[in-house]
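Values in this text are rule-based calculations from the coordinates and carry no lab data. All values derive from a computational prediction rather than experimental measurement. Reconstructed Cβ throughout: ideal geometry from the backbone, glycine too, with neighbour counts over all protein chains shown.
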Amino acid sequence: MKVLVVHRQGSVLQMIKKELGQWHVEPYGNGLEGLMAAKLSPFDLILCGQDLPVVTGIEMVRSIRNLSVNRRTPVILLADGTETEAHSRILQSLNANLMTMEEVSEMKNLEIE
C-alpha cells in the first residue's frame, strides 16, 4: 500500500511512518509538496494535517479532488481538536475523513493488499 503523508512537524511524520511501517510511506512537510506529489503519482491513501505550511490541508484536498490522479483516493485529515460543524461539512463535501493520531496508529493492524 502506497501512502502519502503530509504534516508540518517532522516528529509527527516520523511517528506515522513508524506506525505504518509495513506500507510504503512518502512523507512531505508542506501542503504544496504534498499536492505536487498527489498530482504526479497515484496513492492508495492520503493522510495529512490540517494546518500545513504554504497550502492548508483542506486546500490540498480540494485541489486533489479537482485536478489529480488521486481524485478518488481515500483522504484522512488529522484531527487537532479545533474542528467545528462547518469544518465537518467541508470535509464531507470533499469526501475526506477526520481521524485522531490514536486511530491512525490502529491502522497498522489492517491487512490491506
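From the gyration tensor of the Cα coordinates in the chain, what semi-axes in whole Å does the equivalent ellipsoid have, largest first, with each one equal to sqrt(5λ)?
The three semi-axes for the chain are 19, 16, 14 Å.
Working out 0.36 nm times the residue gap between E85 and K2, then minus their Cα-Cα distance, what length gain in nm do you get to one decimal?
Between E85 and K2, full extension yields an extra 26.8 nm.
Between Q22 and L94, how high is the FRET efficiency from 1/(1 + (r/R0)^6) when r is the Cβ-Cβ distance and R₀ = 35 Å? Nearest 0.05.
0.80
As a footprinting exposure proxy, order R72, R65 by other Cβ within 10 Å, with the fewest listed first.
Sorted ascending by nearby Cβ count, the order is R72, R65.
Between D51 and Q9, what length in nm is gained on full extension when 0.36 nm per residue of separation is reduced by their alpha carbon distance?
That works out to 14.1 nm of additional length.
Compare G29, G81, G57 in a GNM of the chain, Cα atoms joined below 10 Å, and give the one with the largest fluctuation.
Maximum fluctuation in the GNM of the chain, among the listed residues, is at G81.
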